[in-house]
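Engineer: Quick one: the structure is below, and I'll ask about it shortly.
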Amino acid sequence: MNKRSSSLLLLVFIFIVFTGCTNSLPSTASPQPSNSIAPQATLQADAAKPPSFEIEGLKNGDVVTPGNVQLQIILSNFTLVDFKMNSEPQPGQGHIHYWLDSNPTDPNAAVQVSQDPTHVVLKNVKAGEHILTVTLVGTDHKPLSNAPTEIITFLAKRQSSGAGSNSPSSPSPTPKTKSSTTINSNEATTKNASFQISGLKNGDIVTSADLKFKIKLNDLQLVNFNKETVPVAGEGHIHIWVDTTSTEPKAALMVYNDPDHIVIKRLKDGEHTIIVGLVSNDHTAIIGPRQSIKFTVKHSK
């Protein structure tokens with residue numbers, strides 16, 4: 001009995017000693033969370049830099065020769081990916097959509113650029129006014145919420161037969177023509193006139209029956225386009241186009257008073273686009289850049 005008791009006590013003592021040693025060993029699980037957090041911080045830092053672009057070779061209000069028009073799209077913080085790849089959207093990746101005189105809310109109407117954006121050619125541009133809309137989209141063809149949309153309106157015009165025959169020795173009648181007077185009279189205005197839209201921004205959901213917003217003008221005096229038809233520097237009015245890329249005055253809503261209370265009535269449910277721009281008294285000269293806003297109407301039930 002004494003030997004068995006001694007053996008049993010020895011086994012109990014060994015068990016207690018072994019258990020105490022294992023409990024005192026340091027834990028190796030604590031460093032793991034710190035290693036898993038680092039990559040998340042890196043992704044957030046990259047996502048904080050929004051994609052952007054600049055257009056060179058064509059600017060708002062340009063007059064070009066009909067035919068092929070070349071321009072460059074200079075990208076920043078954005079990687080082009082083949083638009084044929086139907087891959088999962090990744091931050092900072094995608095391709096370019098541009099629309100020439102077509103609906104900028106329709107991806108199927110867009111020309112898609114996923115390579116060589118420094119050699120973009122607008123083919124067979126006809127004589128007349130045109131509007132170019134450019135934006136960045138993801139691999140799923142959806143516009144990037146943190147990327148800008150650029151709108152350029154320009155005129156394609158054939159040169160008159162006598163345009164190249166002017167010489168310093170003989171006075172030319174060209175500066176007295178209406179087109180030259182229009183452009184020259186607004187040169188001072190184009191340097192300073194601008195506007196800001198408040199009460200409506202890209203991606204907004206409008207639930208009311210009527211769309212309401214404000215336009216704040218800088219360095220432009222609004223005049224009645226029905227009475228003041230001769231271009232004067234520093235004067236003009238506002239054109240608003242709704243769901244159209246036409247730059248014709250007859251397609252625009254014209255505002256010459258009370259820009260603090262713009263109302264567009266009875267818009268239907270769905271996606272809409274407005275384009276806002278400043279124009280000269282005779283509707284022909286584009287003053288400063290135009291702005292596009294995409295929004296959705298969902299009438300409350």
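Engineer: Can you tell me which residue is least open to solvent (accessible area, probe 1.4 Å) among those in region 91-121 that are on the phi > 0 side of the Ramachandran plot and modelled with pLDDT under 90?
Structural biologist: First, the residues of region 91-121 that are on the phi > 0 side of the Ramachandran plot: 92, 94, 101, 116.
Narrowing the set further to residues that are modelled with pLDDT under 90 leaves 92, 101.
Values: Gly92: 27, Asp101: 65 Å².
Result: Gly92.
Engineer: What is the residue count in region 122-140 for residues that are under 28 Å from Arg158 (Cβ atoms), surrounded by fewer than 17 Cβ atoms within 10 Å (Cβ to Cβ) and not aliphatic (A, V, I, L, M)?
Structural biologist: Step one: filter region 122-140 for residues under 28 Å from Arg158 (Cβ atoms), giving 122-134.
Now narrow it down to the ones that are surrounded by fewer than 17 Cβ atoms within 10 Å (Cβ to Cβ): 123-124, 126-129.
The next check asks that each one be not aliphatic (A, V, I, L, M); those that pass are 123-124, 126, 128-129.
Residues flagged as under 28 Å from Arg158 (Cβ atoms), surrounded by fewer than 17 Cβ atoms within 10 Å (Cβ to Cβ) and not aliphatic (A, V, I, L, M) within region 122-140 amount to 5.
Engineer: Of the residues Lys294, Lys216, Lys227, Lys265, which is among the charged types (D, E, K, R), modelled with pLDDT of 90 or more and within 21 Å of Pro148 (Cβ to Cβ)?
Structural biologist: Every option except Lys216 fails the conditions.
Engineer: Considering region 218-251 alone, what residues qualify as being under 28 Å from Asn103 (Cβ atoms) and more than 21 Å from the chain's Cα centre (by Cα)?
Structural biologist: The answer is Phe225, Gly236, His237, Glu248, Pro249, Lys250, Ala251.
Engineer: Additional query: Identify the residue in region 282-301 that is of a type in the set (S, T, N, Q) and touching a strand residue (DSSP E or B) at 6+ places or on another chain (Cβ under 7 Å) and, among all such residues, is least open to solvent (accessible area, probe 1.4 Å). Spell out how you get there, then give the answer.
Structural biologist: We begin by selecting, within region 282-301, every residue of a type in the set (S, T, N, Q); these are 284, 291-292, 296, 300.
Those left that are additionally touching a strand residue (DSSP E or B) at 6+ places or on another chain (Cβ under 7 Å): 291-292, 296.
Details: Gln291: 66, Ser292: 17, Thr296: 36 Å².
Across region 282-301, the extreme among qualifying residues is Ser292.
Engineer: What are the residue pairs meeting all of these: first residue in region 104-120, first residue touching a residue at least 60 places away in the same chain (Cβ under 8 Å) and within 12 Å of Thr135 (Cβ to Cβ), second residue in a loop (DSSP other than H, G, I, E, B) and open to solvent by 40 Å² or more (accessible area, probe 1.4 Å), Cβ atoms under 8 Å, and 6 or more apart or on different chains?
Structural biologist: Thr105/Asp243
Engineer: If I filter region 53-70 down to residues being of a type in the set (A, V, I, L, M, F, W, C) and farther than 24 Å from Asn146 by Cα, which single residue comes out as surrounded by the most Cβ atoms within 10 Å (Cβ to Cβ)?
Structural biologist: Across region 53-70, the extreme among qualifying residues is Val69.
Engineer: Here's something else I'd like to know. Quick check: is even one residue across region 221-235 buried (at least 17 other Cβ atoms within 10 Å of the Cβ) and among the hydroxyl-bearing types (Ser, Thr, Tyr)?
Structural biologist: no
The values are calculated or read from the model by the stated rules, or taken from the named source; none is laboratory data. Every value quoted in this text rests on a predicted model; they were computed, and no experiment measured them. Please note: Cβ atoms are built from the backbone with ideal geometry, for glycine as well, and neighbour counts cover all protein chains shown. SASA here: full protein model, heavy atoms, side chains in, ligands and nucleic acids out. Shrake-Rupley method; radii C 1.70, N 1.55, O 1.52, S 1.80 Å.
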